[in-house]
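Report on the following structure.
The values are calculated or read from the model by the stated rules, or taken from the named source; none is laboratory data. These figures come from a predicted structure and were not determined experimentally. As a convention, Cβ positions derive from the backbone with ideal geometry for all residues, glycine included, and neighbour counts pool all protein chains shown. These accessible areas exclude ligands, DNA and RNA; they are computed on the full protein's heavy atoms, side chains included. Shrake-Rupley method; radii C 1.70, N 1.55, O 1.52, S 1.80 Å.
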Amino acid sequence: MPYPRHHKEPTLRPILEFNPLIDARKLKAALTAGCHDESTVINILTTRSYSQREEIIIAYHDTTGHQLSQDLSSAFSSKCLKVLLALLEPPDEFLAKELDKALNRLGTDSEVVSEILCTRSNAKISGIQLAYLKLHGKTLLSVISSEFNLSLDYKELMSMLLQGLRHESKETNQEKAKKRAASVHNAVEEGWSTSTKIFLRLLTHESFDQLCMVFDEYRLVSGLAMEEAVKSACSGDVGHAALAIVKAALDKSQFYAETIEGALRKFRRDDHTLIRIFVSRCEVDLESIKREYLKIYHKTLYHTIQTDMSGSYKEVMLALLNTP
């Protein structure tokens with residue numbers, strides 16, 4: 001019996017009456033030197049889908065002879081500009097660049113790498129890898145494998161994800177789930193040295209639907225949630241990545257809602273993570289994430305952004321949320 005999957009509801013959908021030439025002309029007027037109309041620019045770019053924004057970029061260049069991204073850079077600054085430029089990038093290229101930043105920071109940011117790669121489908125991961133290769137002339141796998149400050153287990157986990165080994169059928173098998181749950185239980189209870197390897201194979205090969213069934217069977221046999229088993233068998237970077245997969249399998253909206261709250265509550269607000277999630281999920285499931293955020297934290301994400309941010313940055317982030 002297939003498990004209910006993550007319901008995907010976006011905040012940003014294509015508009016029906018779309019004319020890229022009209023939008024390009026409005027943007028040209030709004031970006032005229034000395035008369036920057038930030039609200040018009042934000043309204044247009046946060047209410048068109050990526051494919052529509054792509055057409056606007058072409059129409060803008062044909063109309064003005066300028067690159068839209070360059071004119072935005074002249075009119076906007078700081079965080080709002082980062083959001084707008086991210087919206088102009090092909091989605092896979094945007095995430096490939098985010099990965100490259102994470103991998104090139106002093107002390108690789110494995111949490112960002114895990115957030116991006118542990119929650120996405122084989123097809124999406126493949127697209128990101130192709131974009132990374134195109135942008136940087138080397139494979140994502142080779143870069144991750146060469147990072148000296150990532151653990152061997154983490155590199156193995158990422159290698160399996162990048163190879164697209166996960167089964168993505170909606171069909172589930174309860175007998176198989178029972179066997180997998182028993183194997184995990186035995187490994188944890190007896191302290192097998194191979195317990196981490198067992199987790200890595202399970203979490204990178206089984207479909208998210210099948211994983212949910214394994215988690216339920218594990219709870220029946222052990223009395224514990226799978227998160228507890230992962231924490232006992234895996235630590236450090238691979239432990240964080242394994243937990244990300246477990247949480248994404250159970251409820252991707254909850255995973256992202258918690259990640260957003262974590263980014264908001266850091267000593268220094270993590271705007272990189274907030275922008276990455278808002279931009280990459282607004283056409284996928286940001287509406288679902290908003291609902292889960294309200295359910296967990298008893299406040300709307302819209303209100304949180306409204307009180308935590310200011311200026312054009314607040315305006316563009318609220319626009320991506322669409323409604324309270």
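Any residue in segment 248-276 that's among the aliphatic types (A, V, I, L, M): show its pairings with residues that are not in a helix (DSSP H, G or I) at Cβ separation under 6 Å, as long as the two are six or more apart or on different chains.
Going by the 6 Å Cβ cut-off, the qualifying pairs are 248/119; 263/270.
Let's see how each residue does on (1) open to solvent by 10 Å² or more (accessible area, probe 1.4 Å); (2) on the phi > 0 side of the Ramachandran plot:
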position: 239; (1), (2): no, no
position: 244; (1), (2): no, no
position: 253; (1), (2): no, no
position: 262; (1), (2): yes, no
position: 274; (1), (2): no, no
position: 277; (1), (2): no, no
position: 322; (1), (2): yes, yes
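Go through segment 169-185 residue by residue and tally those that are exposed (fewer than 15 other Cβ atoms within 10 Å of the Cβ) and either of a type in the set (Ser, Thr, Tyr) or free of Cβ contacts under 8 Å to residues at least 24 places away in the same chain (or both).
Total satisfying the criteria: 3.
Which of the residues belonging to segment 149-168 are in contact (Cβ under 8 Å) with a residue 24 or more places away in the chain and either open to solvent by 70 Å² or more (accessible area, probe 1.4 Å) or of a type in the set (S, T, N, Q) (or both)? Break it down stepwise before answering.
So in segment 149-168, the residues in contact (Cβ under 8 Å) with a residue 24 or more places away in the chain come out as 149-151, 153-154, 156-158, 160-162, 164-168.
Matches in segment 149-168: 149, 151, 167, 168.
Scan segment 77-109 for residues that are outside any helix (DSSP H, G or I) and either touching a His at 6+ places or on another chain (Cβ under 8 Å) or free of Cβ contacts under 8 Å to residues at least 12 places away in the same chain (or both) and jot them down.
Scanning segment 77-109 gives 77, 89, 105, 106, 109.
Being touching a helix residue (DSSP H, G or I) at 6+ places or on another chain (Cβ under 8 Å) and polar (S, T, N, Q) is the filter; apply it to segment 56-73 and report the residue that is least open to solvent (accessible area, probe 1.4 Å).
Our first condition is that a residue be touching a helix residue (DSSP H, G or I) at 6+ places or on another chain (Cβ under 8 Å); within segment 56-73, this holds for 56-64, 66-69, 71-73.
Cutting the leftovers down to polar (S, T, N, Q) gives us 63-64, 67, 69, 73.
Working: 63: 50, 64: 31, 67: 80, 69: 49, 73: 58 Å².
Among them, the one singled out is 64.
Please work out which one of (1) hydrophobic (A, V, I, L, M, F, W, C); (2) open to solvent by 10 Å² or more (accessible area, probe 1.4 Å); (3) within 25 Å of residue 24 (Cβ to Cβ) is the condition residue 106 fails and give its number.
(3)
Tell me which residues, restricted to segment 305-323, are more than 20 Å from the chain's Cα centre (by Cα) and among the polar types (S, T, N, Q).
Residues satisfying the conditions are 306, 307, 310, 312, 323.
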